[in-house]
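As structure tokens, the structure follows; a few thoughts come after it.
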Amino acid sequence: MKIKTLVTWSLIISFFQFGNILLFGMLEGVSFSFAYGAFAIIFFGTIILSLRSRLQTKKELILAITLSLLMVVPMVILADNIKEYNDKSKEFEQAQIVLESEIEEISSSNRYFIEYITFIGDQISVLNDNSKSMQSEIDRIMAETAAIGRPAPAATPQAIPTTAQQIMTIPDYFEEDEHHEEEEEEDDD
Amino acid sequence: MIDKATAGWGMIALACLIPVILLFALGPAAVDLDRYANFTHVLGQVSGLIGMTLFSITFVLSSRIKAIEDIFGGLDKVYRVHAMTGGLALVLLLFHPLFLVMKFIPQDMKLAAIYLLPSGFWAVDMGMIALAGMILLLVLTFYSRMRYDRWKISHTFLGLVFLFAVLHVFLVRGNASRDEIFTGYYLYASFVSLIGAAGLTYTLIMKSRLVGQAMYRIKSIDRKEDGICDLIITPVYKPITFLAGQFIFLRFYNRQTGRESHPFSIASGSDSKEIRIIIKNLGDFTSNLGGLKVGDRLGVEGPYGRFNSLGKKEDQVWIAAGIGVTPFIGMAEDVHHRKTKGKVDMFYTVSDTKDLISLDFLKKVQKDTPNFTLIPWVTKEKGRLTVDAMMRQINGVLEKDFFICGPDRFKESIKEQLISKGILKKNIFSEEFSFR
């Protein structure tokens, strides 16, 4: 391909692309003077190029203009598709963010739950240890009781006097002591 | 083995690839290329970097430095490379802003449009001015038929365009793009600017002082009816040394012709003291030569070009069309004086018999030199000159070198025909006429 041909087609394509973007920009609110510039570029650019380049026959000129105009269609379709893709991509990203925060929340709850279970496990373990040591203490007391020939106290909590029961027995104890004191006074006489 | 021209193109390609490699190796560009916005942005950056490198190289190529001429095999070839690099630079720089704005298109067409318009960001606006100037001046180069001297003046303004482009390259990083292009970017920008500025400064200022011109004066003028002007120029001081078939740049010190230098083929035998120049009125600068008179002074720059029979195969075929006969007249003079051993067949095609230039001289060479054959070919009588027609008159074409000089379409057509007959490209030599 000759460099002049390459330059010609590049100029035509780029002029139309410049024009397309400016025109679409105008439709979306770019001011009139800029749109005028776009039309000027397309109009004069195409005329100059077609008159001064190799595209001198009518057939070639029509082909060039048709091809250039056809470029608008794929560009718009492409732009729409990309916009749709980008919108969906954004939605997906937002959904992903929400999902990630939910996963984070769940995993933090999960962590708390695991910590709680671990704590309960520890407590059970402590209770087991206490139970074991209590059992061994009972066994020891029973062994000692058997050793002094007295019947072993029932290994029930009811067999062991409570502090309250012990307090209840105290007056009897003092009454016995008063009898002893009277006996001692009589002896002195 | 790689020939010099291929090596020359390789050097240009390497100079273009270096910034792209740096962009991908040291810049943030390589990340997320699968994303549409990043991909088009990087495409815009790559086209800008390569385009700017090529733009700077064009100034070096137009400097007429001998070393560059040696690389590409003649100044005419250098100018062709210059035109190709300039054209490629324009193509890439045209798409540079388009690729950059493509990232905005899916979101906001208005934003894309605003980006392509002057915005008050000087870094970007400088680039727009440069691109607009480049489009204008290169459209003039490729498509206009303006006078050579006027075109040449307009082409000089590309230096100003380059200045705006350089400012854009330096300012754009900090002011507009707000992203890192690559580490060492300023080094690249300085290098590119230096190459272009050096080429431009040498061409505009230094060359005339360093290279200089030989001063000649017109000894005789023979104006023919068909618009042919046959000049003999003689040195005022020291003559230049040249080979038959080369060309020189002439600067006429005459108000009517202007002082712009123009290339002309030498139609004299190697190292003649006097130089013969045959000029055809082609409607441009050449139409002003009517004001030339005997005794006028002119500056001669050169010689340039590699279109000569030295160091080539002994058996040669010369193919001339129209005014393209001029270098062959000098080469025929060499054959006549040096009595070379090789067989030379010269085909000389014109549309009408009256257009045959120096026919008497060429016939004399044929008469005096048995190994030189002249075959005039008048298309009105014989139809178009083709390689098939030539092959009916000569033998052993595969053992010969072919020299072609004439209009571009003629040269291309003959070249294609020769290649289709099995002649190797390296055995075909041609001279470019057009330097714009």
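Every number in this text was worked out from the coordinates using simple rules, so none of it is lab data. What you see is a predicted model, and the numbers here were worked out from it, not measured in a lab. Every residue, glycine among them, receives a Cβ derived from its backbone with ideal geometry; neighbour counts consider all protein chains shown.
For this structure, a couple of remarks:
- With Cα atoms, 0 to 90° folded angle of helix B:326-338 axis to chain B main axis: 50 degrees
- Rounded to the nearest 20 debye, the dipole size of chain B about its Cα centre is 960 debye, using +1 on the Cβ of Lys and Arg and -1 on the Cβ of Asp and Glu.
- Signed unit charges on C-beta, dipole axis of region B:341-424, positive-most listed residue B:PRO376, B:LEU418, B:VAL365: B:VAL365
- Peptide A:16-25 is shielded by partner chain Cβ atoms: per residue, an average of 6 of them sit within 10 Å of its Cβ.
- Overall dimensions of region B:214-304 by Cα: Rg and Dmax, Å: 12.0, 33
- Highest-first arrangement of B:237-245, A:111-119, where packing means the average Cβ count within 10 Å: B:237-245, A:111-119
- Span from the region B:396-422 Cα centroid across to the region B:1-62 one, whole angstrom: 35 Å
- Each 10 Å bin from zero holds the following percent of Cα-Cα pairs in region B:4-210: 8, 33, 35, 18, 5, 0.
- When B:HIS336, B:HIS168 are arranged by Cβ crowding within 10 Å, least crowded first, meaning fewest neighbours, the order is B:HIS336, B:HIS168.
- Span per principal axis, largest first, for the Cα atoms of chain B (Å): 78, 50, 37
- Cβ-placed point charges (K, R +1; D, E -1), dipole of region B:214-304 about Cα centre in debye, nearest 20: 340 debye
- Qualifying trypsin sites (Lys or Arg not before Pro) for region B:44-152 [loop in DSSP, other Cβ within 10 Å: at most 14]: B:ARG145
- Average partner coverage of B:139-148, which counts Cβ from other chains inside 10 Å: 3
- With neighbours defined as other Cβ atoms within 10 Å of a residue's Cβ, the residues B:TRP318, B:TRP9 order from fewest to most as B:TRP9, B:TRP318.
- Anisotropy class of region B:316-430 from Cα gyration tensor, a/c 1.5 cut: oblate
- Averaged over the residues of A:85-95, the number of partner chain Cβ atoms lying within 10 Å of the residue Cβ comes to 1.
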